[in-house]
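Take a look at the structure set out below.
The values are calculated or read from the model by the stated rules, or taken from the named source; none is laboratory data. Everything quoted here is computed from the prediction, not taken from an experiment. Every residue, glycine as well, gets a Cβ built from its backbone with ideal geometry; the counts of neighbours run over all protein chains shown.
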Amino acid sequence: MCFTQNFSQYLVIGLANGFLYALIALGYTLVYGVLQLINFAHSEVFMSGGFAGYFVLQAVVGKQPHGVMSVVMIVLGIAAGALGGGLVAFLLERVAYRPLRRRKAPKLAFLISAIGASYFLYNLAGKEFGRTSLSVPYIFNGSNSGIAFTIFGAQVQTIYVIWAVAAIVLLVSLDRVVAKTKLGKGIRAVAEDAETASLMGVNIDRVISQAFVLGGLLGGAAGFLFGLNFGVVYTMGFTPALKAFTAAVLGGIGNLRGAMLGGLVLGVAESLPLSCVNPAWQDVIAFGILIVVLLFRPMGLLGERLGRSA
Amino acid sequence: MTAMLRLGGVDVRYGAIPALRGVDIEVREGEIVALLGANGAGKTTTLRTISGLVRPAKGYVALDGKRIDQVSPHRIVALGIGHVPEGRRIFPRMTVLENLEIGAYRRRGDLRSDLQHIFGLFPILEQRREQNGGTLSGGEQQMLAIGRALMSRPQLLLLDEPSMGLAPLVVEAIFDIIERIRDEGTTILLVEQNAAQALQLADRGYVLENGSVVMADDAEALLGDERVRVAYLGEGAA
Amino acid sequence: MTTPLTPAPTPGAPLQGTDSLLLEPSGPGRAPWQRLLANEDFRRAVGCLAGFLVLAVMTGPSGSQGAPTSGFTGSLFNLRVFWFVGLAAVLWGAMTLRRRYSAAVKVWNDKALALPRRLLPDTRVRYGAYFVLLVFAVVYPMHISGFWQEVAVQQIGVYVLLAIGLNVVVGYAGLLDLGYVAFYAIGAYSAAFWTGAMPVHLPFHLNPFWTIPLAILAAMLAGVILGVPTLRLRGDYLAIVTLGFGEIISIVAQNLTSITGGPGGVLGIPHFSVHLLGVHYVWGLGNLPYYYLLLGFVVLILIFFHSLENSRVGRAWTAIREDEVAAQASGINVLKYKVMAFSIGASTAGFAGVMTASQVSYIEPADFTYQLSILILVLVIFGGMGSLPGAVVGAAVLQWFPQFLRLHPLFGFQQQDLYIYLGALLVVMMIFRPEGILPSKRRKREIGLAEHGVGSADAMTTSTAEVQ
Amino acid sequence: MQNRLLRKLAVPAVAVAVSALSLGATAATAAASAPTYTIAYEGPLSGGNAQLGLNMKFAVQLAINQANAGRTFGKLPFQLKFLPSDDQGSATQSPTAAQQVIGDSSVMAVVGPAFSGATKAAEPLYAQAHLATVSPSATAPELAQHGWRNFFRVVADDNAQGPADATFAVKTLKAKTIFSIDDGSAYASGLATAFDNAAKKMGAKVTHQTALGTTQCQAGTGNVQQYSAVATTVKDSKAPVTFYAGYYCDFALLAKSLRAAGYKGTLMSDDGSLDPHYVSEAGAKVANGTFISCACADLSKSAAAAPFAKQFEAIAHFPVGTYSAEAYDATNTIISVMKQLGPKGINRASIVNALHHVTYKGLTKVVHFQANGNIAGTAVYIYHVVKGKIVELGLAP
């Protein structure tokens, strides 16, 4: 009964959630790569993306769009979310991180600063945009979560398809950017050895800023994709970001492909047991898996370096 | 002939501990200048100060008559100073090619001719171009580090202990290359423990002790100096 | 032919004319707008203006779902914005003046601080000050209202206890614990269990006093069980493992209804009482008795931690915090000392749990959240990591301030905006004083060294796993 | 004298000193002509549960404003002031919030505490101060069993609503198997337990799960993504009725997931979900056909409801929400008692006594309390979502 019944359905749900985790986790990993710091305010980057996407769609979506228009709306929403997330990530680095780096403050000071920024941002969002959930306009007929198709007995919702496609496109592009472009090489060089990178003419400040923005773009896009199904609200970032952070550590923090893998693994791992366990235990399962993995593989699944290949 | 690089009265402190005290050094265009001294004498700190990694508490660093001691490291690279750091500091998870490309980070445009030039100097790097930097041997890594620094087309190259931990034959090769780089028009400031070899190559030399310059002279003169022979060339007192 | 050296200038004397040739940080040959952007005064002006505009939005009217921009327009396109622009100008002026006369300011500062600086290292003066503070702490609460007495116990006293406990973990040993609240919960639930208030209980009930050692033991045990396997991990990993542990404990408390009472919590935990040698005394609803009990314990714990800090153990912690690899190499059993710090911190939290459970006589799982762990961490770092006075003052000030605002809503302060201000305060504080308000001398030195590029100021990057 | 000396000594403890200075200001000021009394509100105003608390806070505020303007009770012989006190919905914060209220001698009665846990922690203090508390939302049954004479609530407790819900599900909807879900909050788990027990007694098979309320809906710690998996489980159970104990926001998310997963059974929930936001967030297509129970009469049938909603939005800048109307009723009940007592008769103890005998017709119900403080005549009404509107069907069987 347990696990076997409807296995494919729980797997599909887990993978769909996993794609979102992966997108958010990359923000943690990019920043960790260049700063060796956990950006505790990344949840608010995610939230900002959600709101940005919401407001843009709110402004442009007329009556329920169909077909091509639906796709256009999604792309528009993702772009808006990414821009919103990127902007907030940029400001976050400028205000909450850079001054501390200039002073070579201890790492825990960064943590406090990030927590402060997080409190500030989400409570301000609550004040300005209201404290109850806002539904993103439907961009498919009647609902955002109809069933698209069935595979191995598992119903795949339209929203899952969108998540998967968007996430894969974004993840692959990020992978290419980091592997091939000058920007990516700068980020990797700083991640491997910041001081030597500066001796090669790499502007560390700028690279760090770029890493924040890059992570913010993905996190913001994830915020929109999430909000599309669940609505946007000022506290929306908290749990997904915590899970994504777990996923990043699970995969090996600082390792881009690790973050992607960690996200998917976590999504599946916390979804499968729900066929027989009370969902209230979900977090216990997720964190339990994490603790076990770390005890046996302290560097995470793929090891912890921002490199081209694991 | 004017000084290309000039350090005047440079003091550097790590916390309360002084690392450099009133260091005066100058490097002129086309020279190889050797910086000698025991461990902890301040040689590496001097290079790090020039590169902007360390800010002097007093004194100045000037390049072509302009002060650079408050300029950040990545801008100093753009001003024409290349730095081969101590211990080579290759990016181990990037390929040889990527390591070289990072060296040209400040530059725009085509890198092919520069790569050709580097591969001309170090043919072995061309064979290893897709290999990760961390998999190279010590000598290859040193070559990569030098090649990487040359990718920014520096007018002045700072070399920190290029012979450290390498087999004598490899050291020989590295020193040959250094000479060739100078002949191609790049000025060189060389930090070496291997004083004899360094002084044979260099035009002039400085000897640092406890963070101060205690001797400054032509290389030949230093090679002939009694104190240098005893302290750094390993010859017993005559 | 040998080229003669140009005569070296005397050490320290600036080269003639070089000052004028100083390269601007912006570098040469830039567009005017780039130069403007690089201009320090201009940047400061923009920073001041941006900061005060944000303040204008923070303090302005709220928006709403229907009109998401109304909050912004209401605070920025309104006459009140001129106040903030004016304040920004004043601050910018003050900063500019301060920079211009920085030497004079420093002299003045030194003069003003000369006496305290001379007196502070004097132990007699310091202990005298502590004594005066203690007398104050004993006498003053008798003269305050019931509300402030409650604040003194539940908001300040308990949090001071939690903060000094976490200070051992984070400040002394440099270990980041994000699930500290779990031990607080374990202490509180232990008290509920041994006094027979939980659904599952023993045939006998203990006086809450006796639950103190049991709760401390339970929390300590939990600390060891969690610590031994996980303290080998590197700092960041430890952070998330402890975070997970905290979540697990709170979910367990919430879901094992038949054992813990579930979300409804545990009601009816008895107050402390003494029945000894004819003395009968019950700590009731009044706060003062609890206050003095707590004060006594806090003072004892402070003395204990202070001596610990200056003992062999404290030195081992410092060594681990500053350079774990070196500490290991010099024969310090790193894991042992880490577990020790972890479990001492845990047991302090356990004790705080008993105090809360007994005073409120009700506990519920919703009170032991991740956010509380973060709050306690904030108290410690705000006060000054590794500094006992810092942890005490940090907790007291940060816990007192919201309560002050509650009675005195300055400038039309709205309670729902509380965390906006606290968040902003933390960021500003970290920018201008990352070492906390009362940093310990040793940490000040570490941070100073880190600023000069020597060593790191916390043990967040090294691990025993890496050494092995 | 002694105080002043101490303050001088304690220069470093500026913090504490400033608070001392502030104490003088809290003393009540008695105006010569019309006395001023304060009605306090205790509930979450900051933190994760802030929205729920704000729903009530502005309703209390509105009732007081209207009373002062003479609109609800005519011209009153006293002035009313409002004191909101934030407990963040937390038991450990609650005693502090209560002490603030108790310490203000002008406070004559309290609306709140909003949460059951906070009530459990603070009620001993209120009882000691003989200060009446009228909660708009604390539903834990055991609150009425402690002999707190000053405790009142204008909502039915879980033991009234749970069995009524179960009867409706088993008898009216004829469900043999029921899937029951709670959100892990004290309120929902109490209600779900009462529901489960009653339904089992009537012979239905009940599967129960806890899906923690989500941060998406502010209060909980659960994650939203769980609902897809929960929906799959519910669908597999083939239960014709799914009962959800919790609040509208999470219920809407769950309902959406259930329908997306292709679940065809009937959805049912409780007063925490009786909110038009449920329909707007779930979408009418999903929400249609949902049954919601509440121990409250249909607001829309009352002529006063529409202006209430409008005026509420005018001061709160957001529309009325869960428990707004209850808080409004609780406040007006208190004011009606104060009016009846008159300025000479008003003190904390007299208000407690008078509340034991009050009958006040509010928006949601006629407020009359049993001896233990529970609301009398806990009639449970069933509501049905039809064409995107929540309409009352009538009393539960």
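Here are the numbers:
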quantity	calculated
Qualifying position, being over 15 Å from C:ASP177 (Cβ atoms), in contact with a helix residue (DSSP H, G or I) (Cβ under 9 Å, 6 or more places away or on another chain) and among the polar types (S, T, N, Q), among C:THR257, C:THR230	C:THR257
Residue pairs meeting the criteria (Cβ under 6 Å; at least 6 apart or on separate chains; first farther than 16 Å from C:LEU55 by Cβ, in the range C:89-108; second in a helix (DSSP H, G or I) and of a type in the set (A, V, I, L, M))	C:ARG98/C:VAL105
Yes/no for C:ALA137 being among the small types (Gly, Ala, Ser), surrounded by 10 or more Cβ atoms within 10 Å (Cβ to Cβ) and either in contact (Cβ under 8 Å) with a residue 12 or more places away in the chain or closer than 30 Å to D:GLN100 by Cβ (or both)	yes
Members of the range B:15-29 that are touching a strand residue (DSSP E or B) at 6+ places or on another chain (Cβ under 9 Å) and within 11 Å of another protein chain (Cβ to nearest Cβ)	B:ALA19, B:LEU20, B:ARG21, B:GLY22, B:VAL23, B:ASP24, B:ILE25, B:GLU26, B:ARG28
The listed residue being within 14 Å of chain D (Cβ to nearest Cβ), modelled with pLDDT of 90 or more and either part of a helix (DSSP H, G or I) or crowded, with 24+ Cβ neighbours inside 10 Å (or both), out of C:GLY314, C:GLY353	C:GLY353
Among the candidates D:VAL320, D:VAL358, residue that is crowded, with 23+ Cβ neighbours inside 10 Å and assigned to a loop (DSSP other than H, G, I, E, B)	D:VAL320
Hits in the range B:76-106 (condition: charged (D, E, K, R) and facing chain A (nearest Cβ under 8 Å))	B:ARG89, B:ARG93, B:GLU98, B:GLU101, B:ARG106
Wholly enclosed strands (runs of 3 or more DSSP E) of the range B:31-93 bearing at least 2 residues farther than 24 Å from A:VAL190 by Cβ	B:32-37, B:58-63
Among the candidates A:ALA117, A:ALA125, residue that is among the hydrophobic types (A, V, I, L, M, F, W, C), at the interface with chain C (Cβ under 7 Å from one of its Cβ atoms) and at negative phi	A:ALA117
Of the criteria (1) farther than 26 Å from D:GLU392 by Cβ; (2) in contact (Cβ under 8 Å) with a residue 12 or more places away in the chain; (3) surrounded by fewer than 23 Cβ atoms within 10 Å (Cβ to Cβ), which one D:GLY283 fails	(1)
Those residues of the range A:44-56 which are within 12 Å of chain C (Cβ to nearest Cβ) and touching a residue at least 40 places away in the same chain (Cβ under 8 Å), in sequence order	A:GLU44, A:PHE51, A:ALA52, A:TYR54
First in the range B:9-24 and closer than 17 Å to A:LYS104 by Cβ, second anywhere and of a type in the set (D, E, K, R) and not in a strand (DSSP E or B), Cβ under 7 Å, 6 or more apart	none
Matching residues, the range B:181-238, being within 20 Å of B:VAL10 (Cα to Cα) and of a type in the set (Gly, Ala, Ser)	B:GLY205, B:GLY211, B:SER212, B:ALA216
Candidate set: the range D:201-215, residues that are farther than 17 Å from D:ASP270 by Cα and under 20 Å from the mean Cα position of the chain (by Cα); chosen: the one nearest to the other protein chains (Cβ to nearest Cβ)	D:THR215
Enumeration of residues in the range C:228-266 that are among the aliphatic types (A, V, I, L, M), buried (at least 24 other Cβ atoms within 10 Å of the Cβ) and more than 28 Å from A:ALA25 (Cα to Cα)	C:ALA253, C:VAL266
Flag if D:ALA284 is within 24 Å of A:ASN229 (Cα to Cα), aliphatic (A, V, I, L, M) and within 12 Å of chain A (Cβ to nearest Cβ)	yes
Inter-residue pairs, beta-carbon under 9 Å, first within 18 Å of D:VAL107 (Cα to Cα) and in the range D:43-70, second crowded, with 23+ Cβ neighbours inside 10 Å and of a type in the set (Lys, Arg), 6+ apart	D:GLY43/D:LYS57
Qualifying residues in the range B:1-12 (those that are touching a Lys or Arg at 6+ places or on another chain (Cβ under 9 Å) and in a strand (DSSP E or B)) - the one nearest to the other protein chains (Cβ to nearest Cβ)	B:GLY9
Residue among C:VAL378, C:VAL360 that is buried (at least 20 other Cβ atoms within 10 Å of the Cβ), farther than 23 Å from A:LEU111 by Cβ and modelled with pLDDT under 90	C:VAL360
Which listed residue, of D:ALA239, D:ALA192, D:ALA198, is within 19 Å of the chain's Cα centre (by Cα), modelled with pLDDT of 90 or more and more than 7 Å from every other protein chain (Cβ to nearest Cβ)	D:ALA192
Selection status of B:VAL71, over 21 Å from B:MET215 (Cα atoms) and modelled with pLDDT of 90 or more	no
Qualifying residue in the range B:89-104 (condition: surrounded by fewer than 22 Cβ atoms within 10 Å (Cβ to Cβ), modelled with pLDDT of 90 or more, touching a helix residue (DSSP H, G or I) at 6+ places or on another chain (Cβ under 9 Å) and basic (Lys, Arg))	yes
Selection count where residues are crowded, with 16+ Cβ neighbours inside 10 Å and assigned to a loop (DSSP other than H, G, I, E, B), scope the range D:338-355	1
